[in-house]
Structure formats: structure tokens, C-alpha cells
1. If you go through region 153-169 one residue at a time, do you hit one that is open to solvent by 40 Å² or more (accessible area, probe 1.4 Å) and at positive phi?
2. In region 225-240, what count of residues is obtained for those that are crowded, with 16+ Cβ neighbours inside 10 Å and over 20 Å from R201 (Cβ atoms)?
3. Just to be sure, is R19 in a loop (DSSP other than H, G, I, E, B), at pLDDT below 60, in contact with a helix residue (DSSP H, G or I) (Cβ under 6 Å, 6 or more places away or on another chain) and open to solvent by 60 Å² or more (accessible area, probe 1.4 Å)?
4. Within region 84-94, can you find the residues that are assigned to a loop (DSSP other than H, G, I, E, B), without any contact (Cβ under 8 Å) to a residue 40 or more places away in the chain and surrounded by 14 or more Cβ atoms within 10 Å (Cβ to Cβ)?
5. For E129, only one of the following conditions fails: (1) within 27 Å of A205 (Cα to Cα); (2) out of contact with any His (no Cβ under 7 Å at 6 or more places or on another chain); (3) of a type outside the set (S, T, Y); (4) in a helix (DSSP H, G or I). What is its number?
6. Of the residues in region 199-243, how many are under 14 Å from the mean Cα position of the chain (by Cα) and either of a type outside the set (A, V, I, L, M) or modelled with pLDDT of 95 or more (or both)?
7. If I filter region 40-83 down to residues being within 16 Å of E116 (Cβ to Cβ) and out of contact with any helix residue (DSSP H, G or I) (no Cβ under 7 Å at 6 or more places or on another chain), which single residue comes out as most open to solvent (accessible area, probe 1.4 Å)?
8. Note down all Cβ pairs under 8 Å where the first residue falls in region 58-79 and is closer than 11 Å to V38 by Cβ and in contact (Cβ under 8 Å) with a residue 24 or more places away in the chain, the second is part of a helix (DSSP H, G or I) and among the aromatic types (F, W, Y), and they're at least six residues apart or on different chains.
Amino acid sequence: MRRDGAVPALESQTPPPPRAHDPRFQSLAPAVRLADQVADALVAEVRSGRLSEGDRLPTETALATQFGVSRTVVREAVSRLKSLGLVDSRQGSGVFVRAAGVEPLRFEMPHVASREAVVQMVELRRALEAEVAALAAERRTPEDMLRIRDAIDALHAAVSMGSNGADEDVRFHRAIAEAARNPFLIGTLQYLRQFLHGATRVTRANEARRADFVREVAQEHARIVEAIDAGDPLAAREAAKAHMDNAIRRIEQADPAFWQQEGAQLARPLVEGWPAGK
């Protein structure tokens, strides 16, 4: 962006004939996720120096008009730039390009998308799992507790054999859901199965890379089981919520190499099904 506030063209080619809103950026085709395309274009502007330190990005409305996309798409793209440490928001002033020297570790765009999709799905799980655990604590029977303990034993056995335990983790949480005895909750979990299981596969794969993560997860599961067995819905709800909060923290602490390898691959169904940016 020039100091006079004009938006720079992405390429030094002769601009197309003016249209109603005379965009400088070209409208995008939906072959690739729109937010990724907008983010890539903006990143190119920053890294080329055409948008330099201290420059203010155009407003959401201006960028949406120039790219031919919705403001939601622009908002997501700018969020990606913030994740990369390329821009900062200033209250009441707008979004500004940061100094190059203060960037954190960089993730390429598909990896950022993967991480954000997993975090958002775990946020959904947090809302569901917390209520499921509370209801299970109120309604569990001895047979339910037997199934829950069998599932946690199977999970421990899988981990001890070198597996990340993703399938067994799903079985454990399913046993808790069945103890809640709410067919609508179970139906919702079943409807979201592809995404919930996808997020579990990513979180378990990440956690299996670190012994401290493995221990944390086992302790969190034990607290959930103890609260359900004790018939304490408040403690069960809090234990399940804390488990999901910690799952998000562990994803945010994942080694960047994880997203360059299995993380992005495992998260692909989530990213492709991610409604934001479409």
C-alpha cells in the first residue's frame, strides 16, 4: 500500500478495463478455498514489500469488493495473516503490517487452515462432551460404568502397544455418551461423526508424539471417569471441559513439523468440510 492510501496492484500488468467498483485485486474463482486465495495474495503483498511495516490494510469492505468475495472470507484471510504474525489489529484504527523482525514461527496457509479447523472442532466437542459427561454422571448404571472402564482399559492397552489410540478414544467417549441416555445428543454426535472423529485422530496423533501429552490425557480421562462414577455432574462437566481446553492447548503447542507431515493430512477432511470461507 502506498502512503497515499491507494491499494497496490498484485501484478505489474496493465490493469483490466474499469468495472463498476474498479478492483485492483482480481476476483477469485472457487477452485481453491477463497480465504486461502485472499490470504495468499495479501501475504505476497507483505513479503514483496509492496505492503510494508506500518502500512494499514484496506478495510474489510474494500478488500471484499476488490477480491469479489464476502467480508467473512476477508475476515478469515486476515486472521490467517495474524496467525503468521504479519499483521496486528489496533483498536479503532484498523489492521497494520508488523515489523518483519517480530514474526513467530510461520505455518504455510494449508497448515494454518488445518490447525484452525481442528481447534474449532474441538471447541464444538467441548460444548457437547461437557454436557454429555454431566448427564452421564446423573444417569449412569453399573453396566454403563463397566463399558466406560472397558473402553478406557482398551485405550490404555492400545497406547502401550504403540498406537495413538484414536479409535479407542472414540469408543471411550461413545460409552460416556450412551450413559447420558439422551437420544438427541447421541444423534447429534452421530451426525457430526466424520468431523468429531477426524479431530480426534489429529489430536491423538499430536499427543502421541510427546510423553508428557500422553500422561496428561490419561490423567484427564481418569478424572472424567471418577466424576461420572461418583455421580457428580458438576465435576464431570468441568473435567470434560478441561480435557477439551487442554486438547486445544496441545494442538496450539504442536511442533510445526507435525503440520507439515501427518497433521495436515489427517485434518484434510475437516478443512475440506470447513464451512468458513466457502
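1. Keep residues of region 153-169 that are open to solvent by 40 Å² or more (accessible area, probe 1.4 Å), which gives 153, 156-157, 159-164, 167-168.
Pick out the ones that are also at positive phi and you get 162.
There is at least one residue in region 153-169 that is open to solvent by 40 Å² or more (accessible area, probe 1.4 Å) and at positive phi.
2. Start the filter on region 225-240 by keeping residues that are crowded, with 16+ Cβ neighbours inside 10 Å, which leaves 225, 227-229, 232-233, 235-240.
Imposing the further condition that a residue be over 20 Å from R201 (Cβ atoms) reduces the set to 225, 227-229, 232-233, 235-239.
The total comes to 11.
3. Values: in a loop (DSSP other than H, G, I, E, B): yes; at pLDDT below 60: yes; in contact with a helix residue (DSSP H, G or I) (Cβ under 6 Å, 6 or more places away or on another chain): no; open to solvent by 60 Å² or more (accessible area, probe 1.4 Å): yes.
For R19, the condition - in a loop (DSSP other than H, G, I, E, B), at pLDDT below 60, in contact with a helix residue (DSSP H, G or I) (Cβ under 6 Å, 6 or more places away or on another chain) and open to solvent by 60 Å² or more (accessible area, probe 1.4 Å) - is not met.
4. Going through region 84-94, the residues assigned to a loop (DSSP other than H, G, I, E, B) turn out to be 84-86, 91-93.
Adding the requirement that they be without any contact (Cβ under 8 Å) to a residue 40 or more places away in the chain leaves 85, 91-93.
Matches in region 84-94: G85 only.
5. Going through (1) within 27 Å of A205 (Cα to Cα); (2) out of contact with any His (no Cβ under 7 Å at 6 or more places or on another chain); (3) of a type outside the set (S, T, Y); (4) in a helix (DSSP H, G or I) one by one, E129 breaks only (2).
6. As a first pass, look at region 199-243 and keep what is under 14 Å from the mean Cα position of the chain (by Cα): 199-203, 206.
Subset that is either of a type outside the set (A, V, I, L, M) or modelled with pLDDT of 95 or more (or both): 200-201, 203, 206.
Of the residues in that region, 4 qualify.
7. Of region 40-83, the ones within 16 Å of E116 (Cβ to Cβ) are 40, 43, 72-83.
This time we only want the ones that are out of contact with any helix residue (DSSP H, G or I) (no Cβ under 7 Å at 6 or more places or on another chain), so: 72, 78-79, 82.
Details: T72: 77, V78: 16, S79: 46, K82: 93 Å².
So the residue we want is K82.
8. Correct list of pairs: V73/F67; V74/F67.
The values are calculated or read from the model by the stated rules, or taken from the named source; none is laboratory data. Keep in mind the model is a prediction, meaning the values are calculated, not measured. Virtual Cβ from ideal backbone geometry, glycine too; neighbours counted across all protein chains shown. Quick note on the areas: whole protein, heavy atoms, side chains included, nothing else; ligands and nucleic acids left out. Shrake-Rupley method; radii C 1.70, N 1.55, O 1.52, S 1.80 Å.
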